[in-house]
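Computed from the coordinates by the stated procedures, all read-outs in this text should not be read as laboratory data. Predicted model only: the values in this text are computed from it and were never measured. Using ideal geometry, Cβ is built from the backbone for each residue, glycine included, and neighbour counts are taken over all protein chains shown.
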Amino acid sequence: MQKTSDLFIQNIKNLPIWVKQVMAKEIADDLKAKLDEFNELIQGEDLFQYMCPKVTFKGRQELEQKVLRLSEGYYIFMKDLIEGCNIFEITLKNNWALADSAKIYTRLLELEYIQQPEDIISSKTSAVALFIAGKIRTGEFLKRINKINVAQLEQAIRYQKELNDEGRHIKMASILIKLGFVTDKGLDSLLLLKDESKKRLNPALGFISIKYKDAQDEQNQIYRMQREIARLENENIIMKKRLKKILNINE
């Protein structure tokens, strides 16, 4: 059975080359404008989306017995890993946001139900997952990806404490900028990454990224899109019948 991610990517590859040329330029320009500094730190091979953790023996036992009675998403996640899916595939096929997968990943890691592939232990990849999942804050994340060092983070923490004692509550991100350890653009890239990771992308509904107000809004929008797809399919059938009639083609 072909993977959802393969179908998604293949649909893009099947576009005419002149369309892909424009897409490549537009996407490259967009990424450069939004994530230029971040992309210098996180290369393609470091992307969390490519990670394919291994389900441990302990995890397989829980999958069979469900002793902890975790939410169904955790068991789906482990089943998909056993089938050889990576994070990107799991996120797409289940219509999750990347942040959803990151939260499940970090929790299963804590429970020792999954383990990272040996070649990425202590890498930037895990730091991205923890950051997206909200397990570590901006300062710790920047330290883990080697954007700032331990001494700089400790200096920023001390400075923040001094300001707090004076009744001035300043966020760590602003302090890091004030101390010159990161730039506004660099910080904007991180915040954009975290915000975008909360959005879902459903390739079956036109390669669109949607941010819903709540669960009911999600269902309403999906229902409307399903009706629109059905309407377009019906129009396509009618057009085919008319064309066959015009060309005198028998069914």
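At ALA151 and GLN10, where each label point lies 7 Å from the Cα along Cα→Cβ, what is the point-to-point distance in nanometres?
5.5 nm
Between ASP184 and GLN115, 0.36 nm times their residue separation minus their Cα-Cα distance comes to what?
Values: separation 69, 0.36 × 69 = 24.84 nm, distance 3.50 nm.
Gain on extension, ASP184 to GLN115, equals 21.3 nm.
Expected output is a single nm value to one decimal: the length gained when fully extending between LYS161 and PHE57, i.e. 0.36 nm times separation in residues minus the C-alpha distance. What is it?
Length gained, LYS161 through PHE57: 33.0 nm.
Of the cross-linked pairs LYS135/LYS194; LYS135/LYS171; LYS93/LYS199; LYS25/LYS93; LYS103/LYS194, which ones have a Cα-Cα span greater than 20 Å in the structure shown?
Listed pairs above 20 Å: LYS25/LYS93.
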